[in-house]
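Q: Before we start, here is the structure in question, set down as structure tokens.
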2 protein chains.
Amino acid sequence: MRKGEETRTRILDVAEAAVLQKGFGGTSIEELIAETGITKSGFFYHFKDKNELAKALLNRYIENDERIYDEIFSRARDLVDDPLQSFLLGLKLLSELLSDLPNGHPGCLVATVCYYERLFDREIRETNRNAVLAWRHRFRGMFEEIMAVYTPREPVHIDQLADMVSAVLEGGIVLSKALKEPNTLAEQILMLRTFVKLLFQPSVEVLRA
Amino acid sequence: MRKGEETRTRILDVAEAAVLQKGFGGTSIEELIAETGITKSGFFYHFKDKNELAKALLNRYIENDERIYDEIFSRARDLVDDPLQSFLLGLKLLSELLSDLPNGHPGCLVATVCYYERLFDREIRETNRNAVLAWRHRFRGMFEEIMAVYTPREPVHIDQLADMVSAVLEGGIVLSKALKEPNTLAEQILMLRTFVKLLFQPSVEVLRA
DNA sequence: GAAAAACTGTACCGGCGGTACAGGAGGGGC
DNA sequence: GCCCCTCCTGTACCGCCGGTACAGTTTTTC
């Protein structure tokens, strides 16, 4: 019971790194068992096929992802009262966390899955979709709190605004990986921060009035 | 000579659609030749291996991509004189073009390649990197023209601002695909447009003064 | 110490990427 | 009318990989 979990985790660790570098189709089971130091039979004891591995990988990734956002934004919430300032601080903390990653962001499994849709069953695609909807829900909640206090200087749809956070994150990851510039992702988060600031912060002129 | 080009193009067409749906690793040569109606020998006459296919695919994709941006933004340039208004119009045209795609954006090969890095040789990764740098260069040029006339309301690095266009595009594609909501991409472009507008347009308050 | 969990070993299948090589159809130039 | 070049087809083969099957063994847990 306990030992099994550990091996399973080790397989998932190796698999996650491999999949983010080579995609699902480019990652062979043989290579995973070689690196994990397990036999093929051992692998199939834990996962009945590659699809099941993908499912476990994606679920674990999403859980971890959610946990990180929970931590960052609840910490920002604790430090600052105002919802706008708290969100801006959260983005700052996020960008710092991302720029502290030594080799850059390893890649997002949700993006990997969406570029592999036809290879997986409906359950995985549904899980993936729900992960993006959860991001939307999370950021939407934050923008609702902000909009209860501030009025945006331009009309925006709140869901689209929430999605923009996810979009800049995903896009930033792609750029960072393609450019081999780890910092690009953190910089993009800060660009997004500038946008949110501009959108909600009363202008100097208004304050003067 | 003529016939060969045609077959080659047909292979690339089939391969591009397949790769964007299943990734490189998930796309088999056998399936490509089945759909193209060609034999395996015929395929290898045109491309000596999968890596060469990837190279041709990526180069063609990038060229086409550049062509589309050229058309859209030069058209916007013709219609409007002011560099800011011209860029905003370009984003509008781009979002319209994207929302007119019946099945949504099929996916970006540059993103696919960056999630497959370890599978390809250095040449392909370099090509991919240069494609992203070309986007940066393109949008940087536009923002330079804008900044010659307008002053941003918040301090921004011009390269990061240029990268944000690419980031929102790439991120929007990921979200659109994952959510199965074709419109999300177009909406994100318009969100970016709102940002650029806010960043450069003199506020109402200033105009009143 | 027994039962259950967590594996190992072996043998096998079919699909796929890739190689090799021989040969043929069709068109353009001489 | 012949030749050569491009553009393929056909056949045979290799080794890797995903996956199956299943019997046997070690390790953990209670």
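The values are calculated or read from the model by the stated rules, or taken from the named source; none is laboratory data. No experiment lies behind these values; they were computed from the predicted model shown. All Cβ positions, glycine included, derive from the backbone under ideal geometry; neighbour counts span all protein chains shown. Each accessible area value is taken on the protein alone, full model and side chains, heavy atoms only, with ligands, DNA and RNA left out. Shrake-Rupley method; radii C 1.70, N 1.55, O 1.52, S 1.80 Å.
Q: Going by the structure shown, is A:Asp70 open to solvent by less than 60 Å² (accessible area, probe 1.4 Å), away from DNA strand C (no atom under 14 Å from the Cβ) and among the charged types (D, E, K, R)?
A: No, not satisfied.
Q: Separate question: I'd like to know if the range A:122-134 contains one or more residues that are over 26 Å from B:Ala134 (Cβ atoms), assigned to a loop (DSSP other than H, G, I, E, B) and open to solvent by 40 Å² or more (accessible area, probe 1.4 Å).
A: Within the range A:122-134 (the criterion being over 26 Å from B:Ala134 (Cβ atoms), assigned to a loop (DSSP other than H, G, I, E, B) and open to solvent by 40 Å² or more (accessible area, probe 1.4 Å)), the answer is no, since none of the residues qualifies.
Q: Output the residue which, of all residues in the range A:15-55 that are under 23 Å from the mean Cα position of the chain (by Cα) and either among the hydroxyl-bearing types (Ser, Thr, Tyr) or away from DNA strand D (no atom under 13 Å from the Cβ) (or both), is farthest from A:Glu117 (Cα to Cα).
A: Step by step, filter the range A:15-55, then rank; the result is A:Ala17.
Q: Restricting attention to the range A:81-121, which residues are among the hydrophobic types (A, V, I, L, M, F, W, C), open to solvent by less than 20 Å² (accessible area, probe 1.4 Å) and assigned to a helix (DSSP H, G or I)?
A: A:Leu84, A:Phe87, A:Leu88, A:Leu91, A:Leu94, A:Leu98, A:Leu109, A:Val110, A:Ala111, A:Val113, A:Cys114
Q: Pairs only if they're at least six apart or on different chains, beta carbon under 7 angstrom, first in the range B:126-148 and touching a residue at least 60 places away in the same chain (Cβ under 8 Å), second in a helix (DSSP H, G or I) and open to solvent by 40 Å² or more (accessible area, probe 1.4 Å); list them, first residue then second.
A: Once the first residue is touching a residue at least 60 places away in the same chain (Cβ under 8 Å) and sits in the range B:126-148, its partners that are in a helix (DSSP H, G or I) and open to solvent by 40 Å² or more (accessible area, probe 1.4 Å) give B:Thr127/B:Asn59; B:Ala134/B:Glu66.
Q: Another one. Mind checking whether some residue in the range B:16-26 is within 14 Å of DNA strand C (Cβ to nearest atom) and without any contact (Cβ under 8 Å) to a residue 12 or more places away in the chain?
A: yes
Q: Please verify whether B:Ser166 is touching a His at 6+ places or on another chain (Cβ under 7 Å) and either among the small types (Gly, Ala, Ser) or not assigned by TED's automatic domain parsing to the domain that holds B:Leu94 (or both), treating the condition exactly as stated.
A: No; evaluated as a whole, the condition is false for this residue.
Yes or no, residue by residue, for (1) touching a Leu at 6+ places or on another chain (Cβ under 9 Å); (2) assigned to a helix (DSSP H, G or I):
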{"residue": "B:Glu6", "(1), (2)": "no, yes"}
{"residue": "B:Thr9", "(1), (2)": "no, yes"}
{"residue": "B:Leu20", "(1), (2)": "yes, yes"}
{"residue": "B:Gly25", "(1), (2)": "yes, no"}
{"residue": "B:Phe43", "(1), (2)": "yes, yes"}
{"residue": "B:Ile62", "(1), (2)": "yes, yes"}
{"residue": "B:Asp70", "(1), (2)": "no, yes"}
{"residue": "B:Asp78", "(1), (2)": "no, yes"}
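Q: List the pairs whose first member sits in the range B:40-58 and is more than 15 Å from B:Phe24 (Cα to Cα) and away from chain A (no Cβ under 14 Å), whose second member is within 11 Å of DNA strand D (Cβ to nearest atom) and not β-branched (Val, Ile, Thr), and whose Cβ atoms are under 6 Å apart, counting only residues at least 6 apart or on separate chains?
A: Going by the 6 Å Cβ cut-off, the qualifying pairs are B:His46/B:Arg8.
Q: Right, something else. Need a quick list: helices (runs of 4 or more DSSP H) entirely within the range A:140-209 having at least 2 residues that are buried (at least 16 other Cβ atoms within 10 Å of the Cβ).
A: A:158-179, A:183-200
Q: Here is a follow-up. Show the residue pairs meeting these rules: Cβ distance below 7 Å; 6+ apart or different chains; first residue within the range A:85-113 and among the aromatic types (Phe, Trp, Tyr); second residue open to solvent by 10 Å² or more (accessible area, probe 1.4 Å).
A: Filtered contacts from the range A:85-113: A:Phe87/A:Met142.
Q: Still on this structure: Could you run through the range A:20-36 and say how many residues are over 21 Å from B:Asn51 (Cβ atoms), of a type outside the set (S, T, N, Q) and open to solvent by less than 50 Å² (accessible area, probe 1.4 Å)?
A: Residues flagged as over 21 Å from B:Asn51 (Cβ atoms), of a type outside the set (S, T, N, Q) and open to solvent by less than 50 Å² (accessible area, probe 1.4 Å) within the range A:20-36 amount to 3.
Q: Then there is this: Looking at the range B:1-14 only, could you name the residues that are open to solvent by 70 Å² or more (accessible area, probe 1.4 Å) and closer than 25 Å to B:Tyr115 by Cβ?
A: B:Asp13
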